[in-house]
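In what follows, a structure is listed as structure tokens, so that the remarks can point back to it.
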């Protein structure tokens, strides 16, 4: 029996359960179903492993419209993406397909078989890559330690550098090693070198703000209140030139590239999906 893995990004529980039941109903095979509630958590999950399919709401707490598809395609360009939307956003969903999404499905569509057909088609497209014997889920891993820099946003002001285990980064918070005697309640801005690159070329960084929750045995835990992705400057070996960053604070991208916009948002924690449904066998992970 064929086993498939699906990453599902959807913040609201009732529609999420409806979509899951629609996908699994009558599906011939075993599905490993991983659900998160924010784009950030989806991108983080894709750092550690790959999937056969991504199903994502087009409008998330931290991803709006085409930006959602752009981030997913940058992080996992080989994985097909099906976007979900309301009927009023159909034109945006059509444009998303033109920009790289595999297909879309409107919540208002009463015929859920259309969604099942879209999922089946996307999974068949991933079968070709599996046929050669290579499992993409083992080929999309990034280094497990990322460079981190931080600075205090309130008195007393200070800054420092640290390392972070990617397993301890999510939309809820970040855990990093530091020798600084950080105190609970301190407001920090943390910058983390992000593994994925814009258009597979321009380096990115995650910039997050939040307060320290605890600092024990050299490990500081910070709650993330808001975050954004920015491009980061990197010196070239030949000329030591820098790549202009894409946020409004850091300038503009070169003329040959579209501008990058990033808005600070409030993140929401992810959670597991609901109870097991009839039809396909399901194994869920969080």
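From zero outward in steps of 5 Å, how is the percent of C-alpha pairs of segment 1-84 spread across the bins?
3, 15, 29, 26, 17, 8, 2, 0
State whether segment 1-46 is rounded, prolate or oblate according to the following rule on the C-alpha gyration tensor (a ≥ b ≥ c being the square roots of its eigenvalues): a/c under 1.5 gives rounded; otherwise a/b larger than b/c gives prolate, and the remaining case gives oblate.
oblate
Express in whole angstrom the spacing between the alpha-carbon centres of segment 46-125 and segment 146-165.
If you average the Cα positions of each part, the centres end up 36 Å apart.
Taking the beta-carbon count within 10 Å as an exposure proxy, list 171, 159 from fewest neighbours to most.
Ascending Cβ contact count within 10 Å gives the list 159, 171.
Bear in mind that the values in this text are calculations on the coordinates, not laboratory data. All values derive from a computational prediction rather than experimental measurement. Positions of Cβ are backbone-derived with ideal geometry, glycine not excepted, and every protein chain shown enters the neighbour counts.
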